[in-house]
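Engineer: First, the structure itself, so that you have it in front of you.
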Amino acid sequence: MKLIKMDRPICMIASLAMLLDRTIEQLLEVAEYKADEARSHHPQELIDIANVFGYSLLFIEPEPEILEHGKVITDPIGRLRRHMLDHKGLVSVKTPWNAYHMCAWGGGLVYDPNGRIYALDYYTVVYFAQLVRLDQLVRANG
């Protein structure tokens, strides 16, 4: 994955651009973003953008409550790591100063659109959005 440094506060778009091996401008064009427009993007909007390039995103919560035989079972760290272990995706994080930020994830490293690559141990994961090719989803679902 190639690191892309954003030139304005659009970490979601910049991170998705890294995952899809596209430019920020290509994704902004798909999102119909106007240069003079000051707006943020919603994580669900990223699914629509990824679809244009033949991909989708599967959002994985780090601490879901799963019922098994009427009992709540949790394995938040193990479950999240299993999804992140072999897949690229987007990682939404909460910083130590309580700000939210999105980065690309690949090869066990965080690709931060602020211009750095590092291990994940510094931030708290809010969710992981696994990148999946649309043709893989179709095959898996019949």
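Engineer: Considering each of Arg22, Arg39 in turn, give the residue that is among the charged types (D, E, K, R), in a loop (DSSP other than H, G, I, E, B) and modelled with pLDDT of 95 or more.
Structural biologist: After ruling out the rest, the residue left standing is Arg22.
Engineer: Starting from residues that are closer than 16 Å to Ser92 by Cβ and either of a type outside the set (A, V, I, L, M) or not in a helix (DSSP H, G or I) (or both), keep the ones in the stretch 7-19 and report whichever is modelled with the highest pLDDT.
Structural biologist: Taking the candidates together, the pick is Ser15.
Engineer: While we're here: Answer yes if at least one residue in the stretch 42-54 is of a type in the set (Gly, Ala, Ser), modelled with pLDDT of 75 or more, touching a helix residue (DSSP H, G or I) at 6+ places or on another chain (Cβ under 7 Å) and exposed (fewer than 13 other Cβ atoms within 10 Å of the Cβ), and no otherwise.
Structural biologist: yes
Engineer: Residues in the stretch 89-105 that are at negative phi and surrounded by fewer than 18 Cβ atoms within 10 Å (Cβ to Cβ): how many?
Structural biologist: Residues meeting the conditions: 6.
Engineer: Oh, and also: Are there any pairs, at least 6 apart or on different chains, whose C-beta atoms fall under 6 Å, with the first in the stretch 115-132 and on the phi > 0 side of the Ramachandran plot and the second surrounded by fewer than 17 Cβ atoms within 10 Å (Cβ to Cβ) and not polar (S, T, N, Q), and if so, which?
Structural biologist: Gly115/Lys5
Engineer: Residues being surrounded by fewer than 22 Cβ atoms within 10 Å (Cβ to Cβ) and either under 14 Å from Ile117 (Cβ atoms) or among the polar types (S, T, N, Q) (or both): count how many of those fall in the stretch 5-22.
Structural biologist: So the count comes out to 1.
Engineer: Just a yes or no: is a residue in the stretch 77-89 modelled with pLDDT of 75 or more and in a strand (DSSP E or B)?
Structural biologist: Yes, that holds for at least one residue.
The values are calculated or read from the model by the stated rules, or taken from the named source; none is laboratory data. Just so we're clear, the structure is a prediction, and the values are computed from it rather than from any experiment. Quick reminder, even Gly has a Cβ in these numbers, built from the backbone with ideal geometry, and neighbours come from all protein chains shown.
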